[in-house]
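Here's the structure, in structure tokens; my notes come after.
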Amino acid sequence: MTVKKPVLNPQILNHPPVEQTGVEERSVRFTKRSIKGPSKMQGLELVLSMIDLTTLEGKDTPGKVNQLCTKAKHLHDHIPGLPTVAAICVYPSMVSVAKKALEGTKINVASVATAFPSGQSSLRIKLADTRLAVEQGADEVDMVISRGKFHAGEYAYVFDEIAAVKAACDKARLKVILETGELGTLDQVRKASTIAIAAGADFIKTSTGKIQPAATLPVTLVMLETIRDHFQKTGKKVGMKPAGGISKSKLALHYLVMVKETLGDVWLDKHWFRFGASSLANDVLMQVAKEKAGNYQSPNYFSID
Amino acid sequence: MAKKKKWEYSPAPESKQPAAIAGRYALFINGKWQKPSSGTYFNSINPATEEKLSEIATANETDVNKAVQAAKQAYEKYWKKISPTERGKYIFRIARIMQERARELAVTETLDGGKPIRESRDFDIPTAANHFFYYAGWADKLDFAFPNKKANSLGVAGQITPWNFPLLMAAWKIAPALATGNTVVLKPAETTSLTTLKLAEIIQEAELPPGVVNIITGDGQTGAWLTKHNDVNKIAFTGSTEVGKIIQHTLAGSQKKLTLELGGKGANIIFEDAPIDQAVEGVVNGIFFNQGHVCCAGSRLYVQESIAKKFIQKLKDRIGTLLVGDPMDKNTDIGAINSAQQLKTIQAYIKIGKAEGATFFETDCVLPKKGFFCRPTLFTNVAQSNRIAKEEIFGPVLSILTFRTDDEVIEKANNSPYGLSAGIWTDKGARIFNLSKRIRAGVIWANTYHLFDPTSPFGGYKESGFGREGGLQGLHPYVQLS
């Protein structure tokens, strides 16, 4: 039995152009909504539940990953009733460690793959990398697109590669990292998003966290608009994950406003929206504690793993 | 599974406290607050709550005469004589005090006019202050503005402002007049005098010589006396085309210089290669900014037929997310209609549109029980022959027409007695240049809408008026070159 291989429909490359000034103007408007009191608490808890707590370092060890998993499970036990983060995001070699540490919880393990972060390798290696992650038990795979091929205009290659990785993911959900900081313009962001979605991405994700600029509100808005247009055309939902550079609660809440006003309330769920971040969780926890206690507490009360 | 609670924003009403509105305002003549000789006052109300805010003096002919005489004397005695650099210093001072009192001005503007606090705070007040800053800089550089010529001041400028951007329009008028060495008698619109009266306080605080700026309040009759007055050397009017025509009649044969900034029916043109999502924003901003009370509003939308269906759907989705309600809430996108009378006008046009057979659409948002509110409204299947495509509605009502070719849309855009503004949305640079050359409109925005800057001239063609405000060109109406 052969599964029909998806093919790039060249028509999807004729997407509408993107005007940067307009996107920036619209992005500013999201920052002007008022979120305080109960609305802030609900928003902050939502943010916590959407975090992919991340460690992606050459010096990652089982010890470090175990500690991060403990943090994921016990965000701040002084405040009962807090949600856990959505997932832990690690390299493929650390998936089995994380998987074991998170056994019995609902926290997913996400693994980067496909010669992360540069993606400069052959398809064969990338697929092997993906399979390794999945075999080790990854629930989610965060792949990178081949930006070099993309800039060289080889869109079919980029598309086929994503489709092949998707096939290799089996049941794991695939997040496709565009690395928008290397794409240059918002037009290119729109194009890469369109290709990734058409090739079968379950999520599209802004950045690896290794390149500046990483996630920004304007870049995320263009990606959300691509998701919305795809949904309106096909009825299929795709998730969104901004990653890198979101370390403050206030900014995270601005992202939620953007999701709410662009895609609607259905997307305000960890199944459809994630934050890729390492230090965001503690800032959110500090804000939650402040809302409960009425005043800010020392950062020393919040564990760093 | 329990259904999750929907995440909503928190109400964020701005406090009325900073407005510090007095119970009663007199006339600001010759640097002093003077009781009107008519002895009568009229009420100023908050259009969002219909509550009375203050009582405002009605200036009669005697008061108008007093104000003009004060301006004339101030011109001869001080303003003509002091050095341009000193003039500039006074104007800078006004700008700085406006910034210091920005919150007070923003809250007052919203209470008085019904526009969302987000707009008065982020647009009206800062832009007004910027106009004073900008023209303060010109005061001692007029030789560079008009090389090899001498720019002579005119004398007394009589100025009449509209109710849609009260403080900003006062700034547009007063700043260039003062910078070029003229003195001023200004009459704000009847329904929105409060921020202009606060500007009078600021002028007092800035210690301008008495009589250099005089603020008189009242209705159209007060304005008529001002335009007729013999000692006024220049009239600058922003308002309806109807009144503009009357003023032109009045001034015919007189020596007075005149600038008119009147109505509009801006064409906002969307080509199939436009940045669609940003164009949707531009259309929303173009017609719903300030409840559509904008003379340069993009109230005629032309969409290329090939994308019309998709575009209109996106537009409907987007306006469904607009928050209509209490203008004092920081979340509010669309506030209150300025007056009961204006709401009546808008509702009459909506009736006309329906009767003419255009397809009506409004959002289903809940409107406050009190105050003057109108839902964001679209009419599709509109033709040039429909009144809602021809006449200025001055409210949150958009008429949507379609077109096929560049030439066709140029012809349609120009097929209007007005010529104030237009918007062009396309990815093709050459098309932008072609259209902006052939469309007769004072301002043409490309891939954006409603962007304003003190350095950029603003004004109209045809029945949208003549003369320019803003920029270097904005100095011309206030000087006689020799």
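The values are calculated or read from the model by the stated rules, or taken from the named source; none is laboratory data. Predicted model only: the values in this text are computed from it and were never measured. Every residue, glycine as well, gets a Cβ built from its backbone with ideal geometry; the counts of neighbours run over all protein chains shown.
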Query - Condition met for B:Thr250 (touching a helix residue (DSSP H, G or I) at 6+ places or on another chain (Cβ under 9 Å), among the polar types (S, T, N, Q) and not assigned by TED's automatic domain parsing to the domain that holds B:Ile388) - result: yes
Report task. State which residue pairs qualify: first residue surrounded by 16 or more Cβ atoms within 10 Å (Cβ to Cβ) and inside the stretch B:351-374, second residue hydrophobic (A, V, I, L, M, F, W, C) and in a loop (DSSP other than H, G, I, E, B) in any location, beta carbons under 6 Å apart, and separation of 6 or more residues or different chains. Result -> B:Ala358/B:Val382; B:Gly371/B:Ala48; B:Gly371/B:Ala336; B:Phe372/B:Ala336; B:Phe372/B:Ile337; B:Phe373/B:Ala336; B:Phe373/B:Leu367; B:Cys374/B:Ile337
Requested in this report: Answer yes or no as to whether B:Tyr90 is under 24 Å from the mean Cα position of the chain (by Cα) and surrounded by fewer than 24 Cβ atoms within 10 Å (Cβ to Cβ).
Outcome: no
Report task. Could you tell me which of the residues A:His15, A:His78 is buried (at least 16 other Cβ atoms within 10 Å of the Cβ) and touching a helix residue (DSSP H, G or I) at 6+ places or on another chain (Cβ under 9 Å)? Result -> A:His15
Query - the stretch B:349-392, residues that are of a type in the set (D, E, K, R) and out of contact with any helix residue (DSSP H, G or I) (no Cβ under 7 Å at 6 or more places or on another chain) - result: B:Lys351, B:Lys354, B:Glu362, B:Asp364, B:Lys369, B:Lys370, B:Arg375, B:Lys390, B:Glu391, B:Glu392
Query raised in the report: Counting only residues that are away from every other protein chain (no Cβ under 11 Å) and free of Cβ contacts under 8 Å to residues at least 60 places away in the same chain, which one in the stretch A:39-63 is nearest to B:Asp122 (Cα to Cα)?
Result: A:Glu57
**Report entry** Conditions (1) away from every other protein chain (no Cβ under 14 Å); (2) touching a residue at least 24 places away in the same chain (Cβ under 8 Å); (3) of a type outside the set (Lys, Arg): number failed by B:Ile307
**Finding:** (1)
Query raised in the report: What residue, among those in the stretch B:32-55 that are part of a loop (DSSP other than H, G, I, E, B) and surrounded by fewer than 19 Cβ atoms within 10 Å (Cβ to Cβ), is nearest to the other protein chains (Cβ to nearest Cβ)?
Result: B:Thr49
Query - Candidates B:Glu61, B:Glu14, filtered to the one that is within 14 Å of chain A (Cβ to nearest Cβ), in contact (Cβ under 8 Å) with a residue 60 or more places away in the chain and surrounded by 15 or more Cβ atoms within 10 Å (Cβ to Cβ) - result: B:Glu14
Report task. State whether the residues of the stretch A:64-76 include one that is part of a loop (DSSP other than H, G, I, E, B), within 14 Å of chain B (Cβ to nearest Cβ), out of contact with any Phe, Trp or Tyr (no Cβ under 6 Å at 6 or more places or on another chain) and not basic (Lys, Arg). Result -> no
Requested in this report: May I ask you to say which residue of A:Leu256, A:Leu285 is among the aliphatic types (A, V, I, L, M) and farther than 30 Å from A:Asp60 by Cα?
Outcome: A:Leu256
Requested in this report: Determine whether the stretch A:273-287 contains at least one residue that is modelled with pLDDT of 95 or more, within 14 Å of chain B (Cβ to nearest Cβ) and surrounded by 15 or more Cβ atoms within 10 Å (Cβ to Cβ).
Outcome: yes
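Results for (1) at positive phi; (2) touching a Lys or Arg at 6+ places or on another chain (Cβ under 8 Å); (3) modelled with pLDDT of 95 or more; (4) among the acidic types (Asp, Glu), shown as yes or no for each residue.
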{"site": "B:Ala12", "(1), (2), (3), (4)": "no, yes, no, no"}
{"site": "B:Ala22", "(1), (2), (3), (4)": "no, no, yes, no"}
{"site": "B:Leu27", "(1), (2), (3), (4)": "no, yes, yes, no"}
{"site": "B:Ser44", "(1), (2), (3), (4)": "no, yes, yes, no"}
{"site": "B:Leu53", "(1), (2), (3), (4)": "no, no, yes, no"}
{"site": "B:Ala74", "(1), (2), (3), (4)": "no, no, yes, no"}
**Report entry** Among (1) over 21 Å from A:Leu8 (Cα atoms); (2) buried (at least 24 other Cβ atoms within 10 Å of the Cβ), the one test that A:Ser193 misses
**Finding:** (1)
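Do we find that A:Val176 is under 17 Å from the mean Cα position of the chain (by Cα), assigned to a strand (DSSP E or B), buried (at least 22 other Cβ atoms within 10 Å of the Cβ) and touching a residue at least 12 places away in the same chain (Cβ under 8 Å) in this structure? Full working, then the answer.
Details: under 17 Å from the mean Cα position of the chain (by Cα): yes; assigned to a strand (DSSP E or B): yes; buried (at least 22 other Cβ atoms within 10 Å of the Cβ): yes; touching a residue at least 12 places away in the same chain (Cβ under 8 Å): yes.
Here the answer is yes, as A:Val176 does meet what is asked.
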Query - Candidates A:Gly81, A:Gly43, A:Gly63, A:Gly37, filtered to the one that is under 19 Å from the mean Cα position of the chain (by Cα) and not aliphatic (A, V, I, L, M) - result: A:Gly43
Query raised in the report: Can we say A:Asp202 is crowded, with 19+ Cβ neighbours inside 10 Å and either out of contact with any helix residue (DSSP H, G or I) (no Cβ under 9 Å at 6 or more places or on another chain) or not polar (S, T, N, Q) (or both)?
Result: yes
Query raised in the report: Considering the stretch A:39-63 alone, what residues qualify as being surrounded by fewer than 17 Cβ atoms within 10 Å (Cβ to Cβ) and either part of a loop (DSSP other than H, G, I, E, B) or at pLDDT below 95 (or both)?
Result: A:Glu57, A:Gly58, A:Lys59, A:Asp60, A:Thr61
Query raised in the report: List, please: which pairs have Cβ atoms under 9 Å, are six or more places apart or on different chains, and start with a residue in the stretch A:24-38 that is more than 7 Å from chain B (Cβ to nearest Cβ) and end with one that is of a type in the set (Phe, Trp, Tyr)?
Result: A:Phe30/A:Tyr255
Query raised in the report: Which one of B:Ile21, B:Ile91 is in a loop (DSSP other than H, G, I, E, B), of a type outside the set (Gly, Ala, Ser) and away from every other protein chain (no Cβ under 14 Å)?
Result: B:Ile21
Query - Residue selected from the stretch B:440-452 under the condition surrounded by fewer than 21 Cβ atoms within 10 Å (Cβ to Cβ) and touching a helix residue (DSSP H, G or I) at 6+ places or on another chain (Cβ under 8 Å), by the criterion farthest from B:Asn130 (Cα to Cα) - result: B:Arg440
**Report entry** Among (1) farther than 26 Å from B:Asp406 by Cβ; (2) of a type in the set (Ser, Thr, Tyr); (3) more than 17 Å from the chain's Cα centre (by Cα), the one test that B:Thr426 misses
**Finding:** (1)
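Only strands (runs of 3 or more DSSP E) wholly contained in the stretch B:377-482 count here; list those with 3 or more residues that are in contact (Cβ under 8 Å) with a residue 40 or more places away in the chain and more than 14 Å from chain A (Cβ to nearest Cβ).
B:397-403, B:479-481
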Query raised in the report: Of (1) surrounded by fewer than 21 Cβ atoms within 10 Å (Cβ to Cβ); (2) out of contact with any Ser or Thr (no Cβ under 8 Å at 6 or more places or on another chain), B:Asn386 satisfies all except one. Which?
Result: (2)
**Report entry** Checklist (1) of a type in the set (Val, Ile, Thr); (2) part of a loop (DSSP other than H, G, I, E, B); (3) touching a residue at least 60 places away in the same chain (Cβ under 8 Å) applied to A:Thr105, failing item
**Finding:** (3)
